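Scroll down for the structure; my scribbles are underneath it.
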Amino acid sequence: MSVSRIAFIGLGNMGGGMAANQAKAGRDVLAFDLSEAALKRAVEAGCKAAASAAEAVREADVVITMLPAGPHVRKVYDEQVLPNARPGTVMVDCSTIDVESARAVAAQVKAAGFRFADAPVSGGTAAADAGSLAFMVGCDEADFALVEEILAPMSRATIRAGDHGTGQAAKICNNMVLGISMIAVCEAVALAEKLGLDPERFFEITSKSSGQCWSVTSYYPWPGPVPAAPSNRGYEGGFATAMMLKDLKLAQDAAAKAGAATPMGAQAEGLYALFERLGAGGKDFSAILHLLRGQLGDIGLPKP
Ligand code: NAD
């Protein structure tokens, strides 16, 4: 089947770069977002603006959604995608949502006679812009090759996790690691500073030692050592604290239902919830460094 006409719905921090990479690969991208500014950026990057999600879907072979959370995805599939899709359309949701919503949407899509994959991503906005995201895919085995072809212009690795919903399961487990590891790195940086060790020098050391992890090497929370990290642009853009908190809540809900013990995940959820309450919901999650340093003023927030 053809994957040349793509309806791309949700052009935010992630979806904007992803849609642009589909256009760069020569595909016809019919883009829609509720935000006019986001839509304008997508058009500047080679996409065509659609007047509504429904209009984009009506002309597409493939629908890709990159929306904030489960309720947005359910609503958009219910009201815009399913009533307007042409026979044969393949639907791929790249948002991070709860496993239950992913399975409910998959069942609804399949009952309507279409193919579906949950395909959340890892890599952040830099990888979205560069076309080097990792995709974790829940889909029927027979559909995986097609899903891989659809995702190729945005991907450095596309891995099938299993059936519908397992892509989201992989994502929330992965992000629980990320949420916890970022706090660990921030605690260490704050301690290093208090002990008179330059945080940039600490980067040089820990990035080559056993503390090395993605939160250090690709996303260091102290400005300087990792130029693409949000710490170098006032923690704007990137992966919002509110989004990280959403993912940690998803992990805690899933853990409670599955009877899994996740005490560090629970601690991380509590800390990001506090950080959000202090006004940092829109800042990149790595800004939690400044809560741990006791220096919220450094990111423009009042002291609690
Ligand atoms: P974002 O808030 O920047 O973008 C979401 C976009 O969806 C916004 O532009 C919004 O206007 C649009 N939108 C909301 N409802 C809509 C609707 N009904 N129709 C059309 N557009 C609608 O969020 P983001 O950072 O791009 O994240 C998107 C998803 O990707 C989330 O599920 C997030 O958890 C996940 N994610 C984000 C990152 C990251 O680093 N930012 C990394 C991996 C995964």
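Collect the residues in the stretch 275-285 that are surrounded by fewer than 24 Cβ atoms within 10 Å (Cβ to Cβ), outside any loop (DSSP other than H, G, I, E, B) and not basic (Lys, Arg), keeping them in residue-number order.
Narrowing the stretch 275-285 to residues surrounded by fewer than 24 Cβ atoms within 10 Å (Cβ to Cβ): 276-279, 281-282.
Applying the additional criterion that residues be outside any loop (DSSP other than H, G, I, E, B) yields 276-279.
The answer is 276, 278, 279.
Comparison of 118, 61 shows that the only residue that is of a type in the set (Asp, Glu) and open to solvent by less than 10 Å² (accessible area, probe 1.4 Å) is 118.
Of the residues making up the stretch 57-97, those that are under 16 Å from residue 27 (Cβ atoms) and of a type in the set (Phe, Trp, Tyr) number 0.
Counting only residues that are within 18 Å of residue 220 (Cα to Cα) and either of a type in the set (Ser, Thr, Tyr) or touching a Lys or Arg at 6+ places or on another chain (Cβ under 6 Å) (or both), the stretch 251-295 holds 2 of them. Residues that are of a type outside the set (Gly, Ala, Ser), closer than 23 Å to residue 75 by Cα, within 10 Å of the ligand (Cβ to nearest atom) and open to solvent by 50 Å² or more (accessible area, probe 1.4 Å) within the stretch 8-57 comprise 13, 34, 36, listed in sequence order. Within the stretch 219-255, the set of residues being small (Gly, Ala, Ser) and within 11 Å of the ligand (Cβ to nearest atom) comprises 237, 238, 240, 242. I'd like the full set of residues that are farther than 15 Å from residue 290 by Cβ and open to solvent by less than 50 Å² (accessible area, probe 1.4 Å), limited to the stretch 183-216. Matches in the stretch 183-216: 202, 203, 206, 207, 211, 213, 215, 216.
Could you check the stretch 58-78 and list, in sequence order, the residues that are more than 19 Å from residue 254 (Cα to Cα), in contact with a helix residue (DSSP H, G or I) (Cβ under 7 Å, 6 or more places away or on another chain) and in a loop (DSSP other than H, G, I, E, B)? Hits for the stretch 58-78 are 66, 67.
Look at the stretch 117-129: where a residue is farther than 21 Å from residue 235 by Cα and among the acidic types (Asp, Glu) and a partner is more than 7 Å from the ligand (Cβ to nearest atom) and in a strand (DSSP E or B), sitting 6+ places away or on another chain with Cβ atoms under 7 Å, you get 118/93; 118/138. Of all residues in the stretch 79-99, those satisfying the criterion of being without any contact (Cβ under 8 Å) to a residue 40 or more places away in the chain, away from the ligand (no atom under 11 Å from the Cβ) and either in a helix (DSSP H, G or I) or over 19 Å from residue 10 (Cα atoms) (or both) are 82, 83, 84, 86, 87. Scanning the stretch 251-274 for residues that are touching a residue at least 24 places away in the same chain (Cβ under 8 Å), open to solvent by less than 80 Å² (accessible area, probe 1.4 Å) and within 21 Å of residue 97 (Cβ to Cβ) yields 251, 254, 262, 265, 268, 269, 272, 273. Does at least one position in the stretch 124-135 carry a residue that is away from the ligand (no atom under 16 Å from the Cβ), closer than 20 Å to residue 6 by Cα, open to solvent by less than 30 Å² (accessible area, probe 1.4 Å) and outside the structural domain of residue 242 (by TED's automatic domain parsing)? No: the stretch 124-135 contains no residue that is away from the ligand (no atom under 16 Å from the Cβ), closer than 20 Å to residue 6 by Cα, open to solvent by less than 30 Å² (accessible area, probe 1.4 Å) and outside the structural domain of residue 242 (by TED's automatic domain parsing).
The values are calculated or read from the model by the stated rules, or taken from the named source; none is laboratory data. From a predicted model like this one, the values you see are computed outputs, not experimental measurements. Here the Cβ is made from the backbone with ideal geometry for all residues, glycine too, and neighbour counts use every protein chain on show. Areas reflect the complete protein model, heavy atoms only, side chains present, ligands, DNA and RNA absent. Shrake-Rupley method; radii C 1.70, N 1.55, O 1.52, S 1.80 Å.
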